[in-house]
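Below is one structure; the comments refer to it alone.
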Amino acid sequence: AATATASATADAIDSTTSSTNTNTWEDLQNAIAPDESENENKNEPVLTFYRDTNGWCPFCERVWVCIRAKNLPYQERLISLQNKPDWYKEMVPTTQVPALLFHNSNSDDKNSRKLVWDSLDIMKALDDMFPDTPQLVLDTHEYKEASEMNALLNKVGFAFVYATGGLESSGDGEQEQKQEQELSLSEKKQEFLHELDRLEQAIVGPFRLGQEFTGVDAEMIPSLERWRYQLPLSKGVDILENRPVLAKWFEAMESYAPFAERAGGDEYSWVATSAMFARFFGKEGDPATIATIEKSESAAMALMDGFKDAVKENECHGKFALEAAAKVISNHEAIAKDCTNPDPKSQQNISRAGSVESAEKMLLAVARMLLKEDNAIQEAKSCLLEDMGVGDDERLDAAKAAKTVATRLCTPRDMSAPAAKILRAVLMIVAERLEE
């Protein structure tokens, strides 16, 4: 119903204006006003979910998938991990994310509230508080064994991922220490690969314990999706190599809407952030760190080449186009400033546009295209250049802005992966046409 309403509003705008450039941001805001793309369930939220701003916290991701698996209406409060607000530190004893506030924790008292932190405790509390929803944390030997196996995989995995072979040595003592470090790294790698092989044998299929998604799958996905895309770049390890069952498990997760349609990242985002993580956590001047950054940035550039053709015209799903439109419309000022920022704090390898005004015009045209929902890609390809509202002398800069926005877009931080896929495609189509 929300999608139909937004379509009707967009059609009304079309009927009263002759070209794209006559619409304002206020017009488009009105077009999406009835839609609630972030919380599809219009019921009053029963939960407040406190998670990290970037969507990178693996413990938050576990909880996020479980909330969505139960189809519970919720609201979010995003917490900056670098600058946690005092009220949050006072509210949550650990000061960590995630935390989940249950609005009505007592059936006899509708005003009662309960706050739970620690991801595993939250997952269990969700089952207890909402017994009529799918029960995800199972009281079985198989579930406990699978959860313990995943905990061990995470332990050895992170030991390997954050291990280092050391810097180049300049003396006999340092050479011996370097050899010991490399031996330790090799041992950690073998432990990690061994646990991956155990997982390969243990997956029942298509999900970890069989046909149904459970809490164990929620525990597994955060680390595995990162390792899948980042370890080939940072450690030269492909976790899917010779592991067809694990590959099938990923296919099941990517087909599971509660994960795939909001909480999951995508290949480009994890590859692009791999370089950023290397800069944050790696040793400055370390050859391995430098190599990871170079590989990651090169791989990200290669993936960008596929943005434009990633969505076929008949595969553009309207609800995700609307989600992207809502994000662009509600954040257009910040997006325009970001893609023209001459002194960015991250992804400094990505060139920025020069004019906020031309970026705004481009974004306005893109938002209009996205409001065409199923026909967004077709509209991007067929819209007259003069109807985009970008002047002849602004087109090259606007094209650069479109490319910058596409490359800066990160899932699940900014929007769902399906919505980002459509937005990137529209942006790159527009950029190519403006460059003509």
Specify the residue that is nearest to residue 329 (Cα to Cα); the eligible residues are those in the range 38-66 that are at pLDDT below 95 and surrounded by 18 or more Cβ atoms within 10 Å (Cβ to Cβ). 55
For residue 322, indicate whether it is under 14 Å from residue 421 (Cα atoms) and assigned to a helix (DSSP H, G or I). yes
Check whether at least one residue in the range 278-292 is in a helix (DSSP H, G or I) and of a type in the set (D, E, K, R), and report yes or no. yes
Does any residue of the range 374-387 turn out to be of a type outside the set (D, E, K, R), open to solvent by less than 40 Å² (accessible area, probe 1.4 Å), at pLDDT below 95 and in a helix (DSSP H, G or I)? yes
Looking only at the range 232-249, count every residue that is farther than 12 Å from residue 205 by Cβ and either assigned to a helix (DSSP H, G or I) or of a type in the set (A, V, I, L, M, F, W, C) (or both) and tell me the total. 6
Restricting attention to the range 258-311, which residues are in contact (Cβ under 8 Å) with a residue 24 or more places away in the chain, of a type in the set (D, E, K, R) and closer than 30 Å to residue 380 by Cα? 261, 262, 266, 267, 297, 308, 309
Residue, farthest from residue 358 (Cα to Cα), within the range 388-400, restricted to residues that are in a helix (DSSP H, G or I) and open to solvent by less than 20 Å² (accessible area, probe 1.4 Å): 388
Looking only at the range 300-318, count every residue that is open to solvent by 50 Å² or more (accessible area, probe 1.4 Å), assigned to a helix (DSSP H, G or I) and farther than 13 Å from residue 421 by Cβ and tell me the total. 4
Qualifying residue in the range 261-270 (condition: touching a Ser or Thr at 6+ places or on another chain (Cβ under 9 Å), farther than 30 Å from residue 430 by Cβ and of a type in the set (A, V, I, L, M, F, W, C)): no
Does residue 361 fit the bill of being surrounded by 15 or more Cβ atoms within 10 Å (Cβ to Cβ) and over 28 Å from residue 279 (Cβ atoms)? yes
Count of the range 87-102 residues which are farther than 17 Å from residue 120 by Cβ and either surrounded by 13 or more Cβ atoms within 10 Å (Cβ to Cβ) or touching a Leu at 6+ places or on another chain (Cβ under 9 Å) (or both): 5
Just to verify a result, which residue in the range 132-162, among those that are β-branched (Val, Ile, Thr) and closer than 27 Å to residue 234 by Cα, is surrounded by the most Cβ atoms within 10 Å (Cβ to Cβ)? 161
Suppose we keep only residues that are among the charged types (D, E, K, R) and within 16 Å of the chain's Cα centre (by Cα) within the range 237-266. Which one would you say is most open to solvent (accessible area, probe 1.4 Å)? 254
When you look at residue 417, is it touching a Gly at 6+ places or on another chain (Cβ under 8 Å), of a type in the set (Gly, Ala, Ser) and modelled with pLDDT of 95 or more, yes or no? yes
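The values are calculated or read from the model by the stated rules, or taken from the named source; none is laboratory data. None of the values given here were measured: they were computed from a predicted structure. A quick note on method: Cβ atoms are made from the backbone with ideal geometry, for glycine too, and the neighbour counts reach across all protein chains shown. These area figures cover heavy atoms from the full protein model, side chains too; ligands, DNA and RNA do not enter into them. Shrake-Rupley method; radii C 1.70, N 1.55, O 1.52, S 1.80 Å.
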